[in-house]
Amino acid sequence: MRTYWELAKAGFRRYARYRTAVAASAFTNTVFGLIRASLLLAAIDIAGGPVGGYNAVQAATYVWLSQALLGPLDIWGSTITVGDRVKSGDIAVDFLRPVSVLGASLATNAGRMAFELLPRGIPPLVVGALVTGLHVPDTIGPYLWGAFSVAVASVLCHCYYFAVHLTALWTIENRGFLVLAMTLQQSLSGFVVPVSWFPDWLQQIAWLSPFPSMFQVPVDLLTERLSGADAMLALALQAGWTVAFVGLCLALLARGRRKVVIQGG
């Protein structure tokens with residue numbers, strides 16, 4: 001465990017060096033938050049009332065929380081490098097190290113998330129509170145369960161893209177898989193609009209997939225849209241998908257050890 005702790009600290013220090021980039025990302029997230037909030041509030045205004053169970057304040061809170069969690073959750077998988085290490089051949093060195101390839105990646109990601117959570121998350125929420133107002137729970141439960149769900153969602157997102165990156169062990173060029181994976185995740189996770197705004201048939205497809213557990217569930221818990229038994233069920237489903245993707249990544253790594261295709265040799 002000491003090794004993974006040191007890797008997490010190294011991940012924190014690594015991303016802490018790029019403070020200007022983090023500030024720029026926070027600014028960009030805030031600007032896009034203003035755009036998204038205006039669009040969703042306009043839709044609610046045109047509808048003349050709540051849409052998909054969201055009133056104006058809840059929809060605004062959904063937008064600002066979404067923007068605040070973009071960086072910590074890394075919903076694009078942009079910080080994962082295992083695919084590039086396969087192409088360069090460095091994955092062979094990773095397999096020889098006395099630590100889990102997946103465990104090392106998750107530890108580094110935890111350090112990154114710990115750093116980015118506040119500097120990238122606070123500015124959009126502050127602007128949202130000033131511009132549109134936010135729905136703020138008055139009990140501690142939503143904060144505790146929401147924080148736990150955010151941590152689980154971060155692991156799930158990481159393992160999802162990690163598994164897609166591992167297709168490079170067999171295909172070398174995996175950009176097509178990555179684009180498809182990102183498209184599915186962005187479309188069905190509740191990132192663009194809440195899942196409850198989908199048509200009924202698409203809602204059913206979305207909730208049968210792991211994607212809402214990567215994004216919609218943490219936001220719903222933090223905004224008290226999920227509580228009681230529904231919250232426990234959502235957390236159990238989220239944990240189940242996370243365990244499944246951890247297992248998938250470990251299985252792909254075990255398989256990849258026996259057959260590694262490296263470009264150029």
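The values are calculated or read from the model by the stated rules, or taken from the named source; none is laboratory data. Bear in mind that the values here come from a model prediction, so they are computed numbers and not experimental data. Cβ sites come from the backbone with ideal geometry, for glycine too, and all protein chains shown count toward neighbours. Protein only, heavy atoms only, side chains kept; ligands, DNA and RNA dropped before computing areas. Shrake-Rupley method; radii C 1.70, N 1.55, O 1.52, S 1.80 Å.
Before moving on, here are some points about what is shown:
- In segment 157-180, the residues that are surrounded by fewer than 19 Cβ atoms within 10 Å (Cβ to Cβ) and either assigned to a helix (DSSP H, G or I) or modelled with pLDDT of 90 or more (or both): TRP170, THR171, ARG175, GLY176, PHE177, LEU178, VAL179, LEU180
- Count - residues of segment 1-26 that are of a type outside the set (A, V, I, L, M), over 13 Å from ALA114 (Cα atoms) and loosely packed, with under 14 Cβ neighbours inside 10 Å: 6
- For segment 192-206, the count of residues that are of a type in the set (Ser, Thr, Tyr), modelled with pLDDT of 90 or more, open to solvent by less than 50 Å² (accessible area, probe 1.4 Å) and over 17 Å from ASP94 (Cβ atoms) is zero.
- Cβ-Cβ distances below 9 Å connect the following pairs, each with a first residue in segment 213-238 that is more than 23 Å from SER187 (Cα to Cα) and touching a residue at least 40 places away in the same chain (Cβ under 8 Å), a second residue that is of a type in the set (Phe, Trp, Tyr) and open to solvent by 10 Å² or more (accessible area, probe 1.4 Å), and a separation of six or more residues or different chains: SER227/TRP145.
- Any hit, segment 182-196, residues being closer than 25 Å to GLY11 by Cα, under 16 Å from the mean Cα position of the chain (by Cα) and of a type in the set (A, V, I, L, M, F, W, C): yes
- The single condition among (1) open to solvent by 30 Å² or more (accessible area, probe 1.4 Å); (2) in contact with a His (Cβ under 9 Å, 6 or more places away or on another chain) that SER105 does not satisfy is (1).
- Residues of segment 167-226 satisfying the condition of being under 22 Å from PHE245 (Cα atoms) and basic (Lys, Arg): ARG175
- Sole residue being within 24 Å of GLY121 (Cα to Cα), in contact with a His (Cβ under 6 Å, 6 or more places away or on another chain) and in contact (Cβ under 8 Å) with a residue 40 or more places away in the chain, chosen from VAL82, VAL57, VAL63: VAL57
- Qualifying positions in segment 207-231 - open to solvent by less than 70 Å² (accessible area, probe 1.4 Å) and of a type in the set (Phe, Trp, Tyr): PHE211, PHE215
- Selection count, segment 127-162, where residues are farther than 20 Å from ARG225 by Cβ and among the hydrophobic types (A, V, I, L, M, F, W, C): 7
- Of the residues making up segment 232-264, those that are at pLDDT below 90, on the phi < 0 side of the Ramachandran plot and open to solvent by 40 Å² or more (accessible area, probe 1.4 Å) are ALA254, ARG255, ARG257, ARG258, LYS259, VAL260, VAL261, ILE262, GLN263.
- Subset of segment 42-76 that is assigned to a helix (DSSP H, G or I) and of a type in the set (S, T, N, Q) - its residue that is farthest from THR108 (Cα to Cα): GLN58
- Boolean, LEU188 is free of Cβ contacts under 8 Å to residues at least 60 places away in the same chain and surrounded by 15 or more Cβ atoms within 10 Å (Cβ to Cβ): yes
- For ASP45, the requirement of being surrounded by fewer than 24 Cβ atoms within 10 Å (Cβ to Cβ), of a type outside the set (Gly, Ala, Ser) and over 19 Å from CYS249 (Cα atoms) is met.
- The residues on offer are VAL86, VAL93, and the sole one that is surrounded by fewer than 18 Cβ atoms within 10 Å (Cβ to Cβ) and either of a type in the set (Val, Ile, Thr) or not in a helix (DSSP H, G or I) (or both) is VAL93.
- Criterion violated by VAL219 - all others in (1) outside any helix (DSSP H, G or I); (2) closer than 20 Å to TYR143 by Cβ satisfied: (1)
- Some residue of segment 114-137 being among the hydrophobic types (A, V, I, L, M, F, W, C), in contact with a Pro (Cβ under 8 Å, 6 or more places away or on another chain), assigned to a helix (DSSP H, G or I) and open to solvent by 30 Å² or more (accessible area, probe 1.4 Å): yes
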